[in-house]
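Please read the structure below before turning to the comments.
The values are calculated or read from the model by the stated rules, or taken from the named source; none is laboratory data. Predicted, not measured: the structure shown is a model, and the values here were computed from it. We place every Cβ from the backbone using ideal geometry, glycine too, and count neighbours over all the protein chains shown.
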Amino acid sequence: MAVDDESRDRQSSVDERLGFHSVREELDTALAVEGSLPPWLDGRFVRNGPGLFEAGGRSIDHWFDGPALLRAFGFEPSGAGAGDGDGDGDGEDRVRYVDRFLRTDAYEAAREGRVAAAGFAEGDDRGLLDRLRSLVPEPTDNANADVARLGGAHVALTESPRAVRFDPATLETLGELDWRDDLPAGHTTPHLTPEPDGDGRVGYLTTFLPRASYRLFRVPAGEPRREEFARVPVDEPAYMHSLAVADRFAVLVEPPFAIPPHRVLTGDGPLLDRYEWHPQRGTRFVVVDRRTGAVVCEPRTAPFLPFHHANASRDGDELVLDTVAFDSPSVLDAMYVEEMRARPRDGDGGAGELRRYRVPLSGATPRTETLATDVAMPATDERRTGRRHRHVYAQRAADGPATEVVRVDVETGAVRAWDADAYVSEPVFVPRPDADGENDGDGDGDGGPPSTPDGAVLVELLDPDRERSAVAVLDAAGMTERARAWAPHALPFGFHGAYLDGG
Ligand SMILES: [Fe+2]
């Protein structure tokens with residue numbers, strides 16, 4: 001390796017370490033805005049992610065396991081209220097910034113240095129990751145993956161069913177969401193997909209014992225209740241992270257990364273390490289009719305592992321599903337903090353391929369094509385969930401942490417990139433409130449999504465040179481930066497977020 005390469009790798013390691021530092025102070029402050037906010041952008045961009053990476057002198061091993069730090073960028077455009085009313089960026093725009101740890105058992109334990117000694121029945125060697133995955137005897141409350149308005153509350157979510165309520169303005173923890181149903185504990189998804197034909201959200205959980213199954217449910221708007229609509233028995237449950245909704249169907253994309261149920265109880269080490277990759281089984285699409293609960297078809301294709309689906313829809317006799325695919329579960333190993341901090345990046349870290357799968361409802365073999373490479377954390381216009389969409393937003397990173405946000409036009413294949421010159425989070429698309437993306441946004445009468453999006457793309461930045469984080473507001477049509485506001489400190493790499501309007 002040349003000296004320059006060594007020096008670059010060392011520097012890159014220092015930079016990435018900033019993404020895995022522990023946050024020591026909680027903030028509530030006003031940020032100045034560079035540029036101008038859209039006058040209609042007056043909600044909050046709330047994000048979630050780990051905020052502590054050591055406890056009691058011990059490092060937290062896996063990126064998934066740091067206690068949740070919520071952060072909120074509350075937009076106050078001058079055009080929306082007390083300002084001069086023209087939204088022309090004359091310096092009166094503000095962002096109210098708050099960050100706060102979720103007060104959970106996991107947080108208190110970490111603060112007291114009890115990360116590795118939580119007092120669970122299986123002994124003291126079980127790390128946080130184990131507890132995150134393991135649902136016996138008690139799932140974690142470290143809800144550090146996503147936020148949503150769910151069941152009548154604002155909640156933080158992770159792969160455990162323990163959702164934690166918070167106040168979106170102050171980020172104060174309000175206690176655990178009390179599910180008013182009889183569903184058992186299980187491994188669940190932090191991403192509940194909006195219903196295209198209702199106000200609820202759709203999710204699933206995996207139970208392991210006594211009989212393993214995927215339990216699909218809907219959560220009606222305003223009620224903390226999961227209504228089960230389908231139960232799919234499975235011999236060896238797979239590690240899954242999200243589901244897709246397409247028209248009246250729900251789709252589980254099941255990779256051949258599976259665990260014999262008894263190993264949940266009898267194995268050693270982190271639960272995640274007990275899943276095994278069986279590429280010969282292929283990846284299975286389990287298509288469920290949400291009205292009847294029946295499995296309509298379950299075709300298999302060449303093996304891949306999905307985390308996040310962009311969206312899905314029905315096109316005649318087949319479903320069209322856009323997802324970010326990884327060739328193997330090694331992406332999970334790459335998320336151990338020591339790996340991410342120290343390892344010179346070789347390009348096979350956290351980025352996958354945005355692929356389109358066409359799944360015939362007849363059960364015939366799905367077909368696939370690649371829409372974009374080196375991407376992660378896909379997002380679409382949520383109003384199009386379950387129906388045909390036009391644009392997918394994502395991080396793009398060929399090597400190391402992502403520094404670009406891309407917009408992929410899934411009809412033309414055109415990719416438009418915005419280079420942040422800093423690390424970028426998952427992008428979130430926010431439609432302009434009166435923009436008609438819902439039915440026929442471009443007025444061409446085809447009932448499809450508009451060819452040019454009308455709205456903003458929100459992204460959290462981490463600048464390793466300035467050692468500070470920021471929020472950036474992009475114009476979705478041009479994928480150009482419109483505004484940016486710097487927080488007083490650096491935030492470690494986070495996971496997901498949402499734009500919460502209306503308080
Ligand atoms: Fe996720």
Legend entry - Conditions (1) surrounded by 15 or more Cβ atoms within 10 Å (Cβ to Cβ); (2) farther than 22 Å from PRO329 by Cβ; number of the one not met by VAL264: (2)
Legend entry - Residue, nearest to the ligand (Cβ to nearest atom), within segment 241-261, restricted to residues that are in a loop (DSSP other than H, G, I, E, B) and modelled with pLDDT of 95 or more: SER242
Legend entry - Test: residue in segment 192-211 that is within 20 Å of THR158 (Cα to Cα), within 16 Å of the ligand (Cβ to nearest atom) and surrounded by fewer than 22 Cβ atoms within 10 Å (Cβ to Cβ): yes
Inset, instruction - Would you confirm whether any residue within segment 220-230 is modelled with pLDDT under 95, aliphatic (A, V, I, L, M), under 21 Å from the mean Cα position of the chain (by Cα) and away from the ligand (no atom under 16 Å from the Cβ)? - result: yes
Inset, instruction - Quick one: in segment 205-219, of everything that is under 28 Å from THR266 (Cβ atoms) and part of a strand (DSSP E or B), which residue is farthest from the chain's Cα centre (by Cα)? - result: SER213
Legend entry - segment 309-331 - residue that is modelled with pLDDT of 95 or more and within 16 Å of the ligand (Cβ to nearest atom) and, of those, nearest to TYR275 (Cα to Cα): ALA325
Inset, instruction - Under 6 Å between Cβ atoms, at least 6 apart or on separate chains: pull out the pairs that start in segment 176-194 with a residue that is among the aromatic types (Phe, Trp, Tyr) and end on any residue that is in a loop (DSSP other than H, G, I, E, B) and more than 13 Å from the ligand (Cβ to nearest atom). - result: TRP179/PRO224
Legend entry - Top-ranked residue of segment 157-168 - restricted to ones that are more than 15 Å from the ligand (Cβ to nearest atom) and surrounded by 24 or more Cβ atoms within 10 Å (Cβ to Cβ), ranked as nearest to the chain's Cα centre (by Cα): VAL164
Legend entry - Count of segment 400-416 residues which are closer than 19 Å to VAL471 by Cβ and either free of Cβ contacts under 8 Å to residues at least 12 places away in the same chain or not in a loop (DSSP other than H, G, I, E, B) (or both): 4
Inset, instruction - Could you look through segment 459-481, keep only residues that are farther than 24 Å from HIS308 by Cα and crowded, with 20+ Cβ neighbours inside 10 Å, and pick out the one that is nearest to the ligand (Cβ to nearest atom)? - result: SER469
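Counting just the residues of segment 417-441 that are part of a loop (DSSP other than H, G, I, E, B) and touching a strand residue (DSSP E or B) at 6+ places or on another chain (Cβ under 7 Å), which one comes out modelled with the lowest pLDDT?
Here the answer is GLY437.
Answer yes if at least one residue in segment 28-39 is in contact with a helix residue (DSSP H, G or I) (Cβ under 7 Å, 6 or more places away or on another chain) and either modelled with pLDDT of 95 or more or not polar (S, T, N, Q) (or both), and no otherwise.
Yes, the conditions are met somewhere in segment 28-39.
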Legend entry - Residues of segment 352-377 classified as of a type in the set (Gly, Ala, Ser) and at pLDDT 95 or above, total: 4
Inset, instruction - Just give me the residues in segment 140-156 being farther than 18 Å from GLY186 by Cβ, within 16 Å of the ligand (Cβ to nearest atom) and at pLDDT 95 or above, in sequence order. - result: VAL147, ALA148, ALA156
Legend entry - Matching residues in segment 472-503 - criterion: being out of contact with any Ser or Thr (no Cβ under 8 Å at 6 or more places or on another chain), modelled with pLDDT under 95 and part of a loop (DSSP other than H, G, I, E, B): PHE495, ASP501, GLY502, GLY503
Inset, instruction - Taking the residues in segment 493-503 that are within 16 Å of the ligand (Cβ to nearest atom) and of a type outside the set (Phe, Trp, Tyr) as candidates, determine which candidate is surrounded by the most Cβ atoms within 10 Å (Cβ to Cβ). - result: GLY497
Inset, instruction - Assess whether GLU176 counts as being surrounded by fewer than 19 Cβ atoms within 10 Å (Cβ to Cβ) and either within 16 Å of the ligand (Cβ to nearest atom) or of a type outside the set (A, V, I, L, M, F, W, C) (or both). - result: yes
Inset, instruction - Pairs only if they're at least six apart or on different chains, beta carbon under 7 angstrom, first in segment 280-307 and at positive phi, second away from the ligand (no atom under 16 Å from the Cβ); list them, first residue then second. - result: GLY282/PRO256; GLY282/ARG300; GLY282/THR301; GLY282/ALA302; GLY282/PRO303; GLY293/PHE229; GLY293/ALA230
Legend entry - Where MET335 falls short, out of the listed (1) modelled with pLDDT of 95 or more; (2) within 16 Å of the ligand (Cβ to nearest atom); (3) in contact with a helix residue (DSSP H, G or I) (Cβ under 6 Å, 6 or more places away or on another chain): (1)
